[in-house]
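This report refers to the structure that appears directly beneath it.
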Amino acid sequence: MKVVIIGGGWSGVASAISSKKAGADVTVIEKTDLLLGLGNVGGIMRNNGRYTASEELIALGGGELIEITDRVSTHTNIDFPGHKHATLYNVNMIEGEVHKYLTTLGINLMMESRVNNVKFENGKIKGVYLSDDTYITGDVFIETTGTTGPMGNCLRYGNGCSMCVLRCPSFGPRISISERCGVSDIQGETNNDSLGAMSGSCKLAKESLSQELRTQLDSKGVVVLKVPVEDVNYDKLSTKVCQQYALKEFAENIILLDTGHAKLMTTYYPLHKLRKIKGLENAKYVDPYAGSKGNSIRYLSVAPRTNDLKVTGVDNLFCAGEKSGLFVGHTEAICTGTLAGHNAVRLALGLPLLILPSSIAIGDLITYANEKAGTREGRKDRYTFAGSGYFKRMKELNLYTTDINKIRERVKKINLDNIFSQKLC
Amino acid sequence: MIKEAIDCIDAGTEYCPCKLAESGECLICSQCQGECFCDCLNWKGVCIYQELYNNGNKAKEGRKTFDCNVEDVTNYNNNMIMIKFKAPHKLVLDLATPGSYIFVRTDENKYFDIPISIMNSDIENDVITIAVEIRGIKTNRLLNIKSNENIVIRGPYWNGVFGIKNILAQKEAKVLVLARGIGLAPMMPVVRKLALQNNELQVVIDKSPFEVNFASELLDQYKIQMSENLLLDQGKLSDHAKVIIKDALNDGASYIHVAGADILTYCVINYLNDIDRNDVSLSCCNNFKMCCGEGICGACTSRFSGHRVKRFCKEQADPRSIFEGRRFI
């Protein structure tokens with residue numbers, strides 16, 4: 001049985017691992033030369049409710065990627081405004097580690113291969129076409145193409161291509177596979193009636209910061225600097241993807257996190273203004289390269305799906321990551337990806353699909369985000385274990401905990417311990 | 001409905017975005033077709049929407065006209081005329097690819113512009129060669145052209161050959177070229193490209209309606225196997241042509257370039273279908289009527305099943321798709 005995954009970001013990689021472990025022959029098609037997509041410029045794990053979700057995933061038997069991010073982390077258990085016990089992985093180390101791991105599992109990685117179109121017949125995808133006309137068949141497909149870009153979308157809904165890590169001008173545009181099958185995409189909305197949202201952070205080259213800031217970043221992992229009063233812009237917070245970082249503190253301060261590069265927790269910031277701040281006189285962007293003018297636009301292409309992550313309207317297509325909901329973050333992508341990969345194998349074998357119950361945070365997030373995507377208000381929200389409305393809900397429902405034993409017990413109680421490690425065929 | 005991926009010859013060139021994109025009719029870009037999201041099925045390396053936006057939502061300037069000095073004119077019994085003229089180096093470079101053509105202006109009145117394929121584009125000496133069959137009121141005027149006078153041309157245009165993808169795909173392979181009549185002229189850049197890609201060429205030439213093979217001088221530059229024979233016999237593919245095709249395919253060729261009228265291309269496609277060789281890839285001349293070449297006038301449009309209208313001045317296509325599902329009413 002062959003599972004074909006389109007998109008090699010965090011959720012695609014997670015789907016690949018879980019479907020491989022369940023017994024499938026797995027191919028990942030990735031348009032760029034790197035796996036992990038935006039994960040190459042991310043780095044924040046285990047903050048707030050993501051800690052619970054990470055441990056749930058380990059208890060469910062799908063913790064490989066959490067273990068890798070833990071291993072290449074440069075800082076653990078750090079706090080910054082609104083966030084507790086975060087782990088920061090080194091973005092310059094992570095891709096190589098994950099790539100190597102997937103290769104050892106025997107997953108077929110097709111790098112620099114861009115899907116251009118699908119062959120869709122009688123409600124099923126028969127195969128996908130690459131931009132060089134190669135045709136790839138499969139039994140089940142998982143779309144993890146994300147919702148970001150390409151250039152035209154970033155222009156219409158943002159400030160134009162800002163040359164982010166997805167590098168559409170070089171590797172070509174993302175295609176919505178579900179939309180190709182005639183299933184209309186859902187878009188995230190904002191309060192001012194526009195669509196999409198802007199990625200919420202940039203990266204500065206650490207070497208371009210003052211020695212003092214570098215030392216502080218290396219030792220503590222976080223630096224908070226005051227924004228000059230005349231430059232404080234609260235409006236920018238509302239356009240942001242990562243509502244967990246859309247706090248007052250993030251407008252009044254420059255918050256830098258050490259993720260290999262210095263992660264700047266704002267959508268974009270004109271360089272000449274940034275350089276007015278002490279220690280940033282020589283600051284230089286490394287992602288997006290045009291961080292002075294904008295950032296990538298996301299949430300323009302979410303697929304309608306059921307809680308088992310199957311795309312509504314296509315018999316053999318699953319989705320995960322941002323494609324499966326207005327989610328933010330790597331942890332959310334890894335969780336949905338793992339479930340989609342596992343269910344893809346179940347579908348091919350004719351087994352009932354797994355829906356994670358709401359008694360664990362992962363199950364609750366997937367169900368809650370789906371319910372919310374049906375309403376206009378809900379499409380203005382973003383869903384993450386790390387903050388925004390959902391973390392509040394986690395606390396109210398007592399889902400949030402950092403007690404590992406308690407998490408294991410919860411998973412055991414619903415008989416799902418190590419479910420993602422089971423070989424199904 | 002699932003949208004068809006369309007290939008535009010001008011996409012990503014200095015003439016893109018054109019008036020079609022400006023008015024929401026771009027062949028490729030969904031955002032330039034009035035849609036709200038990217039659905040970039042046939043990305044050509046640039047974002048056309050971004051190019052349009054950066055150009056103030058206006059089309060790029062179209063092709064320019066050039067006054068060129070005529071170097072040499074050869075008249076073949078008033079049936080055909082071959083003209084060599086000097087041109088700016090940039091234009092000569094632009095016209096070197098298979099399928100390149102220009103409009104030759106023969107009167108102040110633009111309706112007299114004639115779309116003519118490039119026969120040869122000599123990059124070293126900046127000389128362009130065209131061959132024109134004298135047929136009607138526009139071409140008649142070319143008989144007056146003399147050496148050292150000026151000729152006015154407009155260009156460069158590129159969609160003179162269908163199946164360019166297939167030409168580019170031939171590398172170190174055995175290829176067959178069938179050419180007839182004035183088709184010998186646009187055949188030359190194709191032969192040049194195929195030879196540059198180290199292919200083993202077999203070229204079969206049907207001179208009719210002319211008495212001489214006017215391409216022989218240019219063909220002699222290449223190491224090719226050449227023969228002269230009738231390809232069409234009373235509107236049908238000649239028996240000889242059938243034998244040539246069959247032998248070439250048996251010999252390992254899997255690609256044919258047809259340089260002639262549509263009837264020749266159509267006969268070859270049908271014959272390949274008859275012998276169950278639809279796997280053979282093809283390229284052929286674009287014989288649609290061109291008037292503006294810029295996607296505006298509609299002279300080159302044709303209707304196809306499913307209410308599709310194709311603009312063949314810009315749309316690249318596979319030779320088989322030119323005839324498949326085409327409406328004649």
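Only one of the listed residues (A:237, A:204, A:213) is surrounded by 15 or more Cβ atoms within 10 Å (Cβ to Cβ) and modelled with pLDDT under 85. That residue is A:237. Of the residues making up region A:71-92, those that are outside any strand (DSSP E or B) and surrounded by fewer than 23 Cβ atoms within 10 Å (Cβ to Cβ) are A:71, A:72, A:81, A:82, A:90, A:92. I'd like the full set of residues that are touching a Gly at 6+ places or on another chain (Cβ under 9 Å) and within 27 Å of residue A:138 (Cα to Cα), limited to region A:342-369. Of everything in region A:342-369, those that are touching a Gly at 6+ places or on another chain (Cβ under 9 Å) and within 27 Å of residue A:138 (Cα to Cα) turn out to be A:342, A:345, A:349, A:355, A:356, A:366.
Condition check ((1) without any contact (Cβ under 8 Å) to a residue 60 or more places away in the chain; (2) touching a Ser or Thr at 6+ places or on another chain (Cβ under 7 Å)) across all residues:
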site	(1), (2)
B:131	no, no
B:141	yes, yes
B:161	no, yes
B:166	no, yes
B:176	no, no
B:185	no, yes
B:197	yes, no
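Per this entry, residue A:344 is not counted among residues that are aliphatic (A, V, I, L, M), in contact (Cβ under 8 Å) with a residue 24 or more places away in the chain and closer than 30 Å to residue A:239 by Cβ. Checked against (1) buried (at least 17 other Cβ atoms within 10 Å of the Cβ); (2) more than 24 Å from residue B:170 (Cβ to Cβ), residue B:285 passes all but condition (2). Of everything in region A:146-161 that is in a loop (DSSP other than H, G, I, E, B) and within 12 Å of chain B (Cβ to nearest Cβ), the residue that is farthest from residue A:285 (Cα to Cα) is A:147. Of all the numbered requirements in (1) of a type in the set (Ser, Thr, Tyr); (2) surrounded by 18 or more Cβ atoms within 10 Å (Cβ to Cβ); (3) closer than 25 Å to residue B:137 by Cβ, residue B:30 misses one, and that requirement is (3). Taken over region B:190-202, residues that are surrounded by fewer than 24 Cβ atoms within 10 Å (Cβ to Cβ) and either touching a helix residue (DSSP H, G or I) at 6+ places or on another chain (Cβ under 7 Å) or part of a helix (DSSP H, G or I) (or both) amount to 6. Among the residues of region A:188-197 satisfying the criterion of being in a loop (DSSP other than H, G, I, E, B) and surrounded by fewer than 22 Cβ atoms within 10 Å (Cβ to Cβ), which is nearest to the other protein chains (Cβ to nearest Cβ)? Ranking the qualifying residues of region A:188-197, first place goes to A:194. Scanning region B:1-49 for residues that are of a type in the set (A, V, I, L, M), away from chain A (no Cβ under 11 Å) and touching a Gly at 6+ places or on another chain (Cβ under 7 Å) turns up just one, B:20.
Among the residues of region A:295-303, is there at least one that is in contact (Cβ under 8 Å) with a residue 24 or more places away in the chain, part of a loop (DSSP other than H, G, I, E, B) and surrounded by fewer than 24 Cβ atoms within 10 Å (Cβ to Cβ)? No: zero hits.
The set of residues from region A:154-167 being over 15 Å from residue B:46 (Cβ atoms) and buried (at least 24 other Cβ atoms within 10 Å of the Cβ) comprises A:158, A:162, A:164, A:166. Number of residues in region B:50-70 that are free of Cβ contacts under 8 Å to residues at least 40 places away in the same chain and either of a type in the set (Gly, Ala, Ser) or within 12 Å of chain A (Cβ to nearest Cβ) (or both) equals 7.
The values are calculated or read from the model by the stated rules, or taken from the named source; none is laboratory data. Everything numeric here is computed off the predicted structure, so don't read it as measured data. When we count neighbours, we look across all protein chains shown, and the Cβ atoms used for this are built from the backbone with ideal geometry, even at glycine.
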